[in-house]
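Reading through the structure tokens given below for one structure.
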Amino acid sequence: MIDVKNLSKAFGKNLVLDDISEHIHPGEKVVIIGPSGSGKSTFLRCLNLLETPTRGTITFEGTDITDPKCNIDQIRQHMGMVFQHFNLFPNMTIRKNITLAPVRTKLMGQAEADDTATALLRRVGLEEKADAYPAQLSGGQKQRIAIVRALAMKPKVMLFDEPTSALDPEMVGEVLEVMKQLADEGMTMVVVTHEMGFAREVGSRVLFMDGGHILEQNEPHAFFANPKEQRTIEFLSKVL
Amino acid sequence: MLTEFAQWLTALGGRFHTAFVEGDRWKLYLEGLGVTLGMTVVALILGMVLGVVVAVIRTAHDQQRPKQHNFLLGILNLICKIYTTIIRGTPMMVQILIWGFVIFASSRNKFMVGIIGLGINSGAYVAEIVRGGLMSVDMGQMEAGRSLGLGYLDTMRFIVIPQAFKNILPSLGNEFITLFKDTSLVNAIGAAELTYQAMRIGGRTYDYMPPLIGSAVMYLVIVIIFTWLQGILERRLRQSDRR
């Protein structure tokens, strides 16, 4: 589904991603973990070109999205993204937050988009918030709305950039619950997170990144039970 | 000394009577004030449109992805830079004289010429205000919009610009006040605004003090009223933040 070849990204002289090749298959739930500064967020942001790779190619369903001629807006309509800081639009109601993109990209008419929004909000238990503004919601509610907003575009893959890192501890659960549901429905997901429980329970594959490389990867049970690299063992001993 | 002052004071009533009441001259001030306000509003709209366009072009140029610089955008950006540099680097009075006596020397519609001079001048300042406002909006907002598949202009229009507008409202209010007062410069090319009328009446009655002081009071009152309205609007907007 997403094919990454020889991906490098440098900010000035600072090489953040160093020649990464990886493939993400349909239906997979890839969880990326690693210490801060390891390049995991940058890797995720390269997948929908929020960061422009310095070298290498990224192919999404057969289209080379690193090609300057590629219509990236169209590609992004099929890739949902959820941010650490939610990034809801504070100047719009929740309903408008959700329906703006589907309507403007002509995916749906306003009426259909409104129905979709209502259905999605009901799914995450927030239908009574449709006419509220983001400032009136808690962090956990905001993040659930952000997930719903991305889902309204009917994406083929969802990218999560530390979706629970900015939340109060008691709100982490409600967001993970929504993500778990999504995983059960078969959504292809790439998740950067520090939630090891989530990685173990939901992930179909865990990638450990450090220093701009994917140091080690495995299916979650083997990964957590028998880490092979010294750096992985060190990291896991600190976070588990 | 004291008697001279008393004499001056008693004569004042008559002088102001001549300048304002005689021959229904107050109508001329009102007419001039109408022209002044009309010019301010039209020039403000022109300046806002110009300013937003220039600001979006310059921001779009600065936010391009590396290695994908758009040639056309580069040219537009250069034009915008030259425009703001020239306008902000030369005196407003000189600009208005150039519009009135060089570029539109043969035009008799001084009202239009004044508006063009004022609007184009204001646009350069508004552009810088708007550009600052656009940059003050969190980058995450642009990223969120783009990640949903919205184009750059759609994201700007629905997400970034509305938020920027709220941040720059105080500065825009100041720009409006400046523009309103700067209309008095258009008097130099003979547009019949408030200062022009005051000068004309001063010339006819051989007494400049009452009409000039009178017009100054009119400018002041309007600015005070506007500042008050601006305060109300800002308090409203702040309230919506806390809702």
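Quick rundown of the values:
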item	result
Residue-level accessible surface for A:V192, protein heavy atoms, 1.4 Å, Å²	0
Sequence ranges B:42-48, A:24-30, ranked by mean other-Cβ count within 10 angstrom, highest first	B:42-48, A:24-30
Buried area at the B-A interface (accessible, heavy atoms, 1.4 Å probe, summed, Å²)	2300
Value of relative contact order over chain B, rounded to a whole percent, pairs C-alpha under 8 Å and six or more apart	29
Paramagnetic reach from A:K106 in region A:52-74 [backbone N under 18 Å; point 7 Å along Cα→Cβ]	A:71-74
Protein accessible area in region B:127-209, 1.4 Å probe - carbon and sulfur %	58
Average beta-carbon neighbours from other chains, 10 Å sphere, peptide B:148-158	6
Label point distance in nm, B:V94-A:A119, each placed 7 Å from Cα along Cα→Cβ	6.6
Inter-label distance for B:R204 and B:R65, nm, one decimal - labels placed 7 Å from Cα along Cα-to-Cβ	6.7
Distance between region B:152-218 and region A:176-233 - C-alpha centres, whole angstrom	62
Burial ranking of peptide ranges B:112-119, B:163-170 (average Cβ count within 10 Å, highest at the top)	B:112-119, B:163-170
Shielding score for A:88-100, defined as the mean number of other chain Cβ atoms within 10 Å	4
Of A:V148, A:T54, B:F5, farthest towards positive along the dipole that unit charges on Lys, Arg, Asp, Glu beta carbons give the protein assembly as shown	B:F5
Unit charges on C-beta of K, R, D, E only; dipole of chain B, Debye	540
Those GluC sites (Glu not before Pro) in region A:143-199 that DSSP places in a loop and that have at most 14 other beta carbons within 10 Å	A:E185
Chain B: DSSP helices with Cα axial extent of at least 20 Å and average Kyte-Doolittle hydropathy no lower than 0.0	B:2-16, B:26-62, B:71-89, B:110-136, B:161-182, B:209-242
Options B:S184, B:V130, B:M93, ranked by Cα towards positive dipole end of region B:24-242, top entry (Cβ charges)	B:V130
Cβ-placed point charges (K, R +1; D, E -1), dipole of the protein assembly as shown about Cα centre in debye, nearest 20	1220
Förster radius 45 Å - calculated FRET efficiency between A:K228 and B:L169, Cβ distance, rounded to 0.05	0.15
Probe 1.4 Å, protein heavy atoms only - accessible area per residue of chain A in square angstrom	41
Structure-based [θ]222 nm, chain B - -39500 (n - 2.57) summed over DSSP H runs of at least 4, per residue, nearest 500	-26000 deg cm²/dmol
Entries of A:K142/A:K238; A:K5/A:K180; A:K106/B:K166; A:K96/B:K181; B:K27/B:K81 with Cα pairs more than 32 Å apart	A:K96/B:K181; B:K27/B:K81
Check: region A:67-198 dipole with +1 on Lys, Arg Cβ and -1 on Asp, Glu Cβ, in debye	520
Expected 222 nm ellipticity per residue - DSSP helices of 4 or more, -39500 (n - 2.57), all of chain A, to 500	-11000 deg cm²/dmol
Heavy atoms of B:D182: accessible area, 1.4 Å probe, square angstrom to 10	40
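The values are calculated or read from the model by the stated rules, or taken from the named source; none is laboratory data. Values in this document were obtained by computation on a predicted structure and should not be read as measured data. Cβ atoms come from the backbone with ideal geometry, glycine included; neighbour counts cover every protein chain shown. Side chains included, ligands, DNA and RNA excluded: accessible areas come from the protein's heavy atoms. Shrake-Rupley method; radii C 1.70, N 1.55, O 1.52, S 1.80 Å.
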